[in-house]
Structures are given as C-alpha cells and as structure tokens.
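S.K.: Here you go, one structure.
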Amino acid sequence: MMNTSIPYGRQNITDEDIQAVVEVLKSDYLTQGPQIAAFESEFASYVGSKYAVAVANGTAALHLCTLALGVKDGDKVITTPITFAASANCVRYCGGEVVFSDINPETYLLDIEKVRALLKTSPKGTYQGIIPVDFAGRANDLEAFRELADEYGLWIIEDACHAPGGYFVDSMGNQQNCGNGEYADLAIFSFHPVKHIAAGEGGMITTNDKTLYEKLLMLRTHGITKDNFQFQNSLELAVGATQYPIPDTQYPLWYMEMQVLGYNYRLTDFQAALGLSQLKRAESGLERRKEIARIYFEAFKGHTFVKGQSGVVEGHAYHLYVIEVEDRLGLYNHFRAKNIFAQIHYIPCHLMPYYKEYGWKEGDMPSSEAYYSKCISLPMYPTLSNIEQEFVINNILEFFET
Ligand SMILES: *Cc1c(COP(=O)(O)O)cnc(C)c1O
C-alpha cells in the first residue's frame, strides 16, 4: 500500500531551480529582464525554431497568435474537440467561429482526412486556419497539414503544449520537432506545472516568420514599440511641440508609440529563470517519460480490457499516457480509493455548454465521443518511481481481472 498519493502529473522543483529564482529576485529585474531573452533563445534552440516569444501562459500565447494572424469576426477555424478549451477559445477571443472536426481514433489527433473532406464541401476562402493539437505529446504530421492548408490558403497554429521535445518524421526522413516552425506558421507551449517544463504559469510562441515575430513582440506589451525605425509620428511631435528648435535628430529615449491594441501578456523574469532551469532537464525528463510509457505498454499488451492506448510511438513526448477501458468510471473510482488520481483528457470541447450554444451537439463527433467514453490518463511524470508505477499497473490488473 502506498502512503502518498499519486497524481496524473506533477512538477519537479530542484534546489537548482530554487537558486535560479532566488538570484533573479535579488537582481534589478523582476519582469522582462535578461532571463526572458535567455529563456527565449534556449527554448528556440531546443525546438529548432528561429524565434521564440515568452508570454504569461499558454492561453495568452494562443490569443496572441490569433491576433497576429488577424483573426476577425466571422473567420472560420478548424480544431479538434479532444483538447483543452483554450485551443478553441483563442478563435472566439477574436470573434472567429470554431469549427470542430473529429479525431482519428487510433492517434487521438485531428483526422486530416476529415479536415480535407470538410474543406471540400465549401468554396475556397470559407475557412482561414487550422489549429492541430499535439495531443498527449504525439506530434501531428504537419507536413501533410501544410500541404492541405496551402491548397486552401489557411494558416496553421500548432498547439504543442503537450509536446516539447516531440517530433514526427517527414516524407524526406527528417525529424521535425514540434514547434520548429518548419510547417506551422506559429506554435505555442505552456509552462503550467503539469506540463513538461514548469514555470508556475508561462507560455511560449515559436515561429520562423519574422513579420509575425515582430507583431507578437508588440502585442505582448500593449501594442507598444520603442523601435526608432517603426515610429509613425514625427520627430517634432515626439520631442514635444514647444521644444523648438529640435536639439537632436534622434527620437528622445523616453519616446514610444502604441500602434495597435495589445495586451500585457509578459512573463516575469523569475518565472523565465525557473523555466530556463527546468529546460536544462527537459531531455532527461522526456527520456524518463518514454521509459514509463514503455512499461505501461508492455504491461497492457495483450490484455483485452484495454481497448486502446497511447502505445510506443516514435517522437511521442508523453505528456499523457492514455488507455481506453470499458468501465472507466469504475477504474477511476477504484484508483481514487487507492490514492491514485488519474485524470480524463478531455471532455470533448464541442459538448461544453458554451459551444453547444453555437449548435454543437452529441453525435456530431462520433470518434471523439467514443474516445471520451473510455479514456483515462494514467500517472505520467519523470519523478514517478518504478514502485509507484507498478502499484498503478497492479491496481488496474486487479480491477479488471478479479
Ligand atoms: C495547458 C494547455 C493550454 C493552455 O495553457 P495555459 O498555460 O494553462 O494557459 C492550451 N492547450 C493545451 C493543449 C494545453 O494542454
């Protein structure tokens, strides 16, 4: 019997992490200081993108993406129902319409064939974008999505919150890291404590597009720029109309312009320090997640009570390890009685009362709904011990086989 409880996910804060945060607290910068730039550049090199923009959380990252892409009233954007609501909500923040499309029951990811079929039914120009989610840590084949998106003139935001370190192999045999900006216009990550890299709260946007990158920087801070080359107002106005003759040909150092409607979506410097410190362990954490996945897979292989599972998949980042079982409620309650706190990911987004108001209803997404009726996410985090995992596995076997 375990005397501690086992959650489905848990952060791991080391003394080194704490030291990194304490150092920033003693420094001159609490927000947007040198740790932000360092975190952005390390993160960009980890995923292989040209640019990275650190923001307050993953939801803010999604919102800035839809803003930067110019989503507006009436735009139609396609996403999966098997995701956290924020993946869809970012479209609504800008007045766009969310169009759910069903998952592939094997991969649990947005089914590209269903997206293709959906796009075919309307004239080109009806839809503006696609938001594929690397659900559970499994990478989407973004090369295929890019090809389809180009055919219809769509943008792609990759929601890679579950998948730092994940990848797919493209048609040339090259490894394409989640968030590397090769095929998606923008990708987003979250540093919520259950995710791979914990910063308390926090998010990151990665891209290879310089124009989008510069828009994101402005939108993150109220739509303000301090870049001389971007100023729109005259030097006379900047200096102050009464200050003639103008003593200098430079814009004064205090001068800045708010040019678009932005937000305060900045990340603090001490959170960036925590993220940066955690990022150093990302690779070893990922290896441990893969090992845990292999052990689950081996344990359930050949057992008929398992109707589906995340499995052993190349490039999977294993934010979650999902199994599908018939008596899901029974297993969930059995777990709770043993202090194992499994979780369900996700209640299909189209069945949330908010989205039902837009006409979505039960039966619209058969594969997602069938998946939801059986799915349960097992404990999965790098500090889960072998003994704890064995306890989880034994409880599952015991529940189904006795
Ligand atoms: C966590 C998560 C988000 C939102 O991130 P926050 O940092 O919590 O705002 C968005 N999409 C997915 C798939 C997530 O798992």
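The values are calculated or read from the model by the stated rules, or taken from the named source; none is laboratory data. These numbers were taken from a predicted model, which means no experiment stands behind them. When we count neighbours, we look across all protein chains shown, and the Cβ atoms used for this are built from the backbone with ideal geometry, even at glycine. Protein only, heavy atoms only, side chains kept; ligands, DNA and RNA dropped before computing areas. Shrake-Rupley method; radii C 1.70, N 1.55, O 1.52, S 1.80 Å.
S.K.: Can you tell me how many residues within region 60-80 are within 16 Å of the ligand (Cβ to nearest atom) and not aliphatic (A, V, I, L, M)?
M.R.: Summing the residues that are within 16 Å of the ligand (Cβ to nearest atom) and not aliphatic (A, V, I, L, M) in region 60-80 gives 5.
S.K.: Would it be correct to say that GLY181 is open to solvent by less than 20 Å² (accessible area, probe 1.4 Å) and over 11 Å from the mean Cα position of the chain (by Cα)?
M.R.: It is true that GLY181 is open to solvent by less than 20 Å² (accessible area, probe 1.4 Å) and over 11 Å from the mean Cα position of the chain (by Cα).
S.K.: Taking only pairs six or more apart or across chains, which ones have beta-carbon atoms under 6 Å, a first residue in region 352-377 that is of a type in the set (Gly, Ala, Ser), and a second residue that is open to solvent by 50 Å² or more (accessible area, probe 1.4 Å)?
M.R.: SER367/PRO105; SER377/GLN343
S.K.: I'm trying to understand the selection: among the residues of region 266-317, which are in a loop (DSSP other than H, G, I, E, B), closer than 20 Å to VAL194 by Cβ and open to solvent by less than 20 Å² (accessible area, probe 1.4 Å)?
M.R.: If the condition is that a residue be in a loop (DSSP other than H, G, I, E, B), closer than 20 Å to VAL194 by Cβ and open to solvent by less than 20 Å² (accessible area, probe 1.4 Å), then LEU267, SER310, HIS316, ALA317 are the ones that fit.
S.K.: Now a separate question. Among TYR355, TYR381, which is the only one that is open to solvent by less than 80 Å² (accessible area, probe 1.4 Å), in contact with a helix residue (DSSP H, G or I) (Cβ under 9 Å, 6 or more places away or on another chain), at pLDDT 95 or above and not in a helix (DSSP H, G or I)?
M.R.: Exactly one of TYR355, TYR381 is open to solvent by less than 80 Å² (accessible area, probe 1.4 Å), in contact with a helix residue (DSSP H, G or I) (Cβ under 9 Å, 6 or more places away or on another chain), at pLDDT 95 or above and not in a helix (DSSP H, G or I), namely TYR381.
S.K.: For residues that are farther than 14 Å from GLY179 by Cα and assigned to a strand (DSSP E or B), scanning just region 125-158, find the one that is nearest to the chain's Cα centre (by Cα).
M.R.: Checked region 125-158; the qualifying residue nearest to the chain's Cα centre (by Cα) is ILE130.
S.K.: When region 264-321 is examined, which residues are found to be under 24 Å from GLY203 (Cβ atoms), outside the structural domain of THR14 (by TED's automatic domain parsing) and among the aromatic types (Phe, Trp, Tyr)?
M.R.: Selection gives TYR318, TYR321.
S.K.: What helices (runs of 4 or more DSSP H) completely inside region 53-124 contain at least 2 residues that are open to solvent by less than 10 Å² (accessible area, probe 1.4 Å), touching a Pro at 6+ places or on another chain (Cβ under 9 Å) and more than 18 Å from ALA163 (Cα to Cα)? It would help to see each step written out before you state the result.
M.R.: On the way: elements: 58-68, 86-93, 112-120.
Helices (runs of 4 or more DSSP H) meeting the threshold: none at all.
S.K.: Considering each of SER41, SER27, SER5 in turn, give the residue that is without any contact (Cβ under 8 Å) to a residue 40 or more places away in the chain and surrounded by fewer than 21 Cβ atoms within 10 Å (Cβ to Cβ).
M.R.: SER41
S.K.: If you don't mind, there's one more thing I want to ask. Given GLU182, GLU158, GLU201, which one is among the charged types (D, E, K, R) and away from the ligand (no atom under 16 Å from the Cβ)?
M.R.: Testing whether each residue is among the charged types (D, E, K, R) and away from the ligand (no atom under 16 Å from the Cβ) leaves just GLU182.
S.K.: If you check GLN175 against the conditions, is it at pLDDT 95 or above and either of a type outside the set (Ser, Thr, Tyr) or open to solvent by less than 20 Å² (accessible area, probe 1.4 Å) (or both)?
M.R.: Working: at pLDDT 95 or above: yes; either of a type outside the set (Ser, Thr, Tyr) or open to solvent by less than 20 Å² (accessible area, probe 1.4 Å) (or both): yes.
So GLN175 passes the test.
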